[in-house]
Amino acid sequence: LKDQFDNLDKHTQWGIDFLEKYAKFVKERIEIEQNYAKQLRNLVKKYCPKRSPKDEEPRFTSCIAFFNILNELNDYAGQREVVAEEMGHRVYGELMRYSHDLKTERKMHLQEGRKAQQYLDMCWKQMDNSKKKFERECREAEKAQQSYERLDNDTNATKADVEKAKQQLNLRTHMADENKNEYAAQLQNFNGEQHKHYYIVIPQIYKQLQEMDERRTIKLSECYKGFADSERKVIPIISKCLEGMILAAKSVDEHRDSQLVIDCFKSGFEPPGDFPFEDYSQNIYRTISDGTISTPKQEGMRIDTKTTVGKAKGKLWLFGKKPKPQSPPLTPTSLYTSSTPNGSQYPIFSIEPVHYCMSDIKTGKPRIPSFRSLKRGCFCLQGPALEDFSHLPPEQRRKKLQQRIDELNRELQKETDQKDALIKMKDVYEKNPQMGDPSSLQPKLTETMSNMDRLRMEIHKNEAWLSEVEGKVAARSDRRHSSDINHLVTQGRESPEGSYTDDANQEVRGPPQQHAHPNEFDDEFEDDDPLPAIGHCKAIYPFDGHNEGTLAMKEGEILYIIEEDKGDGWTRARRHNGEEGYVPTSYIDVTLEKNSKGA
């Protein structure tokens, strides 16, 4: 039985070791899940775009689908973390707590079993000692009896010796009887304790050990189930993540991506025009015509091309540097036909080619060698290149300006809502002073109104740039349409003003246009005639007018009104010295004339 107790001791210890082994397995599985989730998140972070401006956000459906897949993968990594957390809390943590309790309970039961065994061993030792003592006293009593019988049969023994041997016999017999009774009592006690030990105490301890081992087995079964449930709980969410990836893959639209590429790189420029014919035989014809009658007439009408072109050399051209002057094309509009005395004909250049070249530069489509020169060119009337996007092609510039106007309008709406809220709060404070001081809202209200004025000015400036770009795009479209029509007319001729006629002689004999004002190109952008005043105004508040296009004014200053507020919060005004600019409508008291026309 003692051997079986040791076997049970070994078995329960094996059960606890197996429990801890499974707990270690779960721990390693948790670490794998955590590392897997961490690696997935790092992968998503590596390929996910960093926070970028709205202009750089992905717009292609393939990119958006990929980023959606990354988001779904990030959610999938989160579910792996949920699995690890659930296993750690429900399985591993529970196993470690139960293992600790199991060790404590096992130790207690084994101690009880050892105590019972020690008590039984003690009873056995007491019984064995009493037995040995009884056996020893019995031998002593037998020796005393033999000594007494020997002395009693011996005739030479004295009576005293016999009496002494008899007393010794009685003493040993009495002691043997006492040890016999003690041995019997100890034997009876030991038998009772042994029966109790093997039939009551030890079975009870073994039963407790059995129940403990069965609970350990049940706990393992529950942990096995919890291990699987932790994985099964996240399967629906993981399935949704996978479905999201499939939907992202189906959302890829190749036609939309192609259209985005077209919209992104559409410049709005016209294709380059045809290169003109360059006649290098001019000097030959001029040499031949020196002795003719018509030579002086043509020389009198000839224009110095260097002088004419040189007048515009310092001008700002629409697309950066002025294109180099090229020889005029050899067309009927640029040639006279003269006859010699022998009847031969030869061409002589009239004054038309130079003027045609200048008119083509001013009003026609510019000949642009490459798009790189467009990026270097800028418009001086539009402010900094980066602010008005003048470094971009017309179509892209229009889109950028429209986006900025939309953003400014949204910001203006926010500021307007904030101003309305502050005004309402100020009215509430004025009616109920105990709720707050109305004057405490004035700095915030002033700041909000200043922001609104600034935003309105920015909107007005960007709208001016946008209208300029749209006007140029429309002009290019009209010129392209006109050029296409001209290309279809086989016998048509182009006049210096850009009109067309079928009579070549009418073009040549028309009034010369070389006396046009040298600043004709600049006059297209400047208006020398000032706008008439339609009223006057008085400044209620001072305005610094630091921004471009605005007019600074002092409180109480009187200004002329030359353009009413068109709904953007700005009024165009003029000082007495002729300085013009925009002022906030909310800062002035406007008085309009009844008969404003021609004032």
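So the label point goes 7 Å from the Cα of residue 62 along Cα→C-beta, right? Which residues of the stretch 221-261 then have their backbone N under 19 Å from it? Only 245-261 pass the distance filter.
Each part gets one Cα centre, and for the stretch 73-98 versus the stretch 99-166 those centres are 67 Å apart. Multiplying the residue separation of residue 11 and residue 154 by 0.36 nm and removing their Cα-Cα distance gives an extension gain of 44.3 nm. On full extension, the segment bounded by residue 267 and residue 282 gains 1.5 nm, given 0.36 nm per residue less the C-alpha separation. Suppose R0 equals 51 Å; then what is the FRET efficiency for residue 20 and residue 250 from their Cβ-Cβ distance, rounded to the nearest 0.05? So, using R0 = 51 Å, E works out to roughly 0.55. Between the beta carbons of residue 589 and residue 50, assuming R0 = 60 Å, the FRET efficiency works out to 0.70 to the nearest 0.05.
When the pairs 133/164; 399/419; 419/461; 266/461; 46/225; 424/554 are compared against a 32 Å limit on Cα-Cα distance, 46/225 fall above it.
For the stretch 1-143, the carbon plus sulfur part of the accessible surface works out to 52%, probe radius 1.4 Å. Is the shape of the stretch 535-592 best called rounded, prolate or oblate, per the rule: a/c under 1.5 gives rounded, else a/b larger than b/c gives prolate, else oblate, with a ≥ b ≥ c the square roots of the Cα gyration tensor eigenvalues? Rounded, because the longest to shortest axis ratio a/c is under 1.5.
Between residue 579 and residue 32, the simple label model (points 7 Å from Cα in the Cβ direction) yields a spacing of 8.0 nm. Remark: the residue 391-residue 185 segment gains 62.2 nm on full extension, using 0.36 nm per residue and subtracting the alpha carbon distance. Remark: spin-label model distance residue 554-residue 142 equals 14.9 nm, labels positioned 7 Å along the Cα→Cβ axis.
The values are calculated or read from the model by the stated rules, or taken from the named source; none is laboratory data. As the structure is a computational prediction, the values presented were derived from the model and not from experiment. Because the Cβ atoms are built from the backbone with ideal geometry, glycine has one as well, and the counts that use them run over all protein chains shown. When the accessible area is computed, the model is the full protein with side chains, heavy atoms only, and any ligands, DNA or RNA have been set aside. Shrake-Rupley method; radii C 1.70, N 1.55, O 1.52, S 1.80 Å.
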